[in-house]
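This report concerns only the one structure given below.
The values are calculated or read from the model by the stated rules, or taken from the named source; none is laboratory data. Predicted model, so just to flag it, every value in this text is computed and none were measured. Here the Cβ positions follow ideal geometry from the backbone for every residue, glycine too, while neighbour counts run over all protein chains shown.
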Amino acid sequence: MKNVFVVGTVGLPGCYGGFESLVENLVDYRSDLYKYTVFCSSKAYDTKIEQYNGANLIYLPFKANGIQSVIYDIASLLLCWRYRPDVILILGVSGCIFLPVFKLFSNAKIVTNIDGLEWKRDKWGWLAKKFLKFSESLAVKFSNVVITDNKAIGDYVDLEYGKDNVVIPYGGDHAISNTNKHKESDYCLALCRIEPENNVEMILKAFQGSKRKIKFVGNWSANEFGKRLKSTFSCENNIELIDPIYNLDELFTLRSSCQLYIHGHSAGGTNPSLVEMMHFEKPIVAFDCIFNRYSTENKAQYFDSSHSLKLMLGDEDKKKLMDNAVSMKKIAEKRYVWSEITKQYESTYN
């Protein structure tokens, strides 16, 4: 049995985002050949358990996100020297600046998912972007296997670094609960972190003065950008701004009842919230970028402005919407299923 240590997530049980869902499902669907140990941020857990679904948990007194993520990841790697795992799965590049030193004293196989070109995100300042780009270059150079979650990112790694990589997306079938599907209601749905690169304002402007309703779930109070949008748009009768929801049953109700899903992400790769939604057989309207077109195989509908989105909201071509929805479900069942994705990850450990 090989010991696989996971570096770079908040921890288990999953309580934050895409990487946490990834690890939770890798643990759930693992074969008997692998044993997981996951580093966890003690800041995120009031109750600290030693094991979760058979995975060992090790807590560190740092935040897993923001500037502390660098310290958190490096501290995790330092502990890997002590435990000597067979494989280290690194999620994100924050701590990869330490990899050149780490590799001098470790024979562990390093498998790194470099995430969605973090250094390009608008939320980072100039210095942070430079640091993340440098960390990315070290991650690619010093990892035995580089995982990308979208072919567009894989092509970037090949072009930028001349490095082979393995494209493995995220699964989305965990979002389908055993709860009976709810009757379809008359609203559109959007769900994301409230950041400029997710085109939140563009989406909300498209609904101003529209007859269509939207329920928009996000962390509206996390930053000044979100607070401004909440102040500006919460007075619109057809716009409902909802605070973050992490409970899968609550999300299931919202997703299964909506008429249309709107996906505004413009950065990253294969976005977890998108592939989760594709399993619900709902029409998807996504921001027009290479990542979203790859994830949906060019079979969704795409907008690039508030005006183009508003036009789509007024399009009542039921056949087009049904074809969109059916295509999303077929793609999801072919590409975004955790049992198969776990096998793909495990193939990189050998």
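Output the strands (runs of 3 or more DSSP E) that fall wholly within segment 24-92 and possess 3 or more residues being more than 10 Å from residue 5 (Cβ to Cβ), or say none.
34-41, 55-60
Output the residues belonging to segment 312-329 that are assigned to a helix (DSSP H, G or I), within 22 Å of residue 287 (Cβ to Cβ) and either under 21 Å from the mean Cα position of the chain (by Cα) or not aliphatic (A, V, I, L, M) (or both).
320, 323, 324, 327, 328, 329
Only one of 266, 295, 256 is touching a Leu at 6+ places or on another chain (Cβ under 9 Å) and either of a type in the set (Gly, Ala, Ser) or closer than 19 Å to residue 201 by Cβ (or both); which?
Just one listed residue meets the conditions, 295.
Considering only residues that are assigned to a loop (DSSP other than H, G, I, E, B), in contact (Cβ under 8 Å) with a residue 24 or more places away in the chain and over 21 Å from residue 123 (Cβ atoms), which ones fall in segment 179-202?
Of everything in segment 179-202, those that are assigned to a loop (DSSP other than H, G, I, E, B), in contact (Cβ under 8 Å) with a residue 24 or more places away in the chain and over 21 Å from residue 123 (Cβ atoms) turn out to be 179, 181, 182, 183, 184, 185, 186.
Please work out if residue 280 is out of contact with any Asp or Glu (no Cβ under 8 Å at 6 or more places or on another chain), among the aromatic types (Phe, Trp, Tyr) and assigned by TED's automatic domain parsing to the domain that holds residue 214.
Yes.
Looking only at segment 158-178, which residues are surrounded by 21 or more Cβ atoms within 10 Å (Cβ to Cβ) and part of a helix (DSSP H, G or I)?
Of everything in segment 158-178, just one residue is surrounded by 21 or more Cβ atoms within 10 Å (Cβ to Cβ) and part of a helix (DSSP H, G or I), namely 175.
Residue-by-condition table, conditions (1) among the hydrophobic types (A, V, I, L, M, F, W, C); (2) free of Cβ contacts under 8 Å to residues at least 24 places away in the same chain; (3) in the same structural domain as residue 149 (by TED's automatic domain parsing); (4) surrounded by fewer than 22 Cβ atoms within 10 Å (Cβ to Cβ):
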{"site": "7", "(1), (2), (3), (4)": "yes, no, yes, no"}
{"site": "10", "(1), (2), (3), (4)": "yes, no, yes, no"}
{"site": "34", "(1), (2), (3), (4)": "no, no, yes, yes"}
{"site": "42", "(1), (2), (3), (4)": "no, yes, yes, yes"}
{"site": "51", "(1), (2), (3), (4)": "no, yes, yes, yes"}
{"site": "58", "(1), (2), (3), (4)": "yes, yes, yes, yes"}
{"site": "82", "(1), (2), (3), (4)": "no, yes, yes, yes"}
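So, in segment 203-217, of the ones that are in a helix (DSSP H, G or I) and in contact with a helix residue (DSSP H, G or I) (Cβ under 6 Å, 6 or more places away or on another chain), which residue ends up surrounded by the fewest Cβ atoms within 10 Å (Cβ to Cβ)?
205
Yes or no, residue by residue, for (1) modelled with pLDDT under 95; (2) under 14 Å from residue 198 (Cβ atoms); (3) among the basic types (Lys, Arg):
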{"residue": "271", "(1), (2), (3)": "yes, yes, no"}
{"residue": "275", "(1), (2), (3)": "no, no, no"}
{"residue": "279", "(1), (2), (3)": "no, no, no"}
{"residue": "283", "(1), (2), (3)": "no, no, no"}
{"residue": "299", "(1), (2), (3)": "no, no, yes"}
{"residue": "302", "(1), (2), (3)": "no, no, no"}
{"residue": "305", "(1), (2), (3)": "no, no, no"}
{"residue": "308", "(1), (2), (3)": "no, no, no"}
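Tally the residues that are touching a Gly at 6+ places or on another chain (Cβ under 9 Å) and more than 30 Å from residue 28 (Cα to Cα), restricting the search to segment 202-228.
Count: 7.
Would you check if there is a residue in segment 82-90 being in contact with an Asp or Glu (Cβ under 8 Å, 6 or more places away or on another chain) and modelled with pLDDT of 95 or more?
Yes, some residue in segment 82-90 is in contact with an Asp or Glu (Cβ under 8 Å, 6 or more places away or on another chain) and modelled with pLDDT of 95 or more.
Please go through segment 241-257 and pick out each residue that is over 17 Å from residue 184 (Cβ atoms) and either among the aliphatic types (A, V, I, L, M) or touching a residue at least 12 places away in the same chain (Cβ under 8 Å) (or both).
241, 242, 243, 244, 245, 246, 248, 249
So the check is Cβ under 7 Å with 6+ separation or different chains; which pairs have a first residue in segment 268-282 that's acidic (Asp, Glu) and a second one that's at pLDDT 95 or above and assigned to a helix (DSSP H, G or I)?
What qualifies is 281/325; 281/326; 281/328; 281/329.
Every residue in segment 138-169 that is among the hydroxyl-bearing types (Ser, Thr, Tyr) and either modelled with pLDDT of 95 or more or assigned by TED's automatic domain parsing to the domain that holds residue 257 (or both), please.
143, 148, 161
Spot the failing condition for residue 206; the list is (1) more than 24 Å from the chain's Cα centre (by Cα); (2) under 30 Å from residue 146 (Cα atoms), and only one is missed.
(2)
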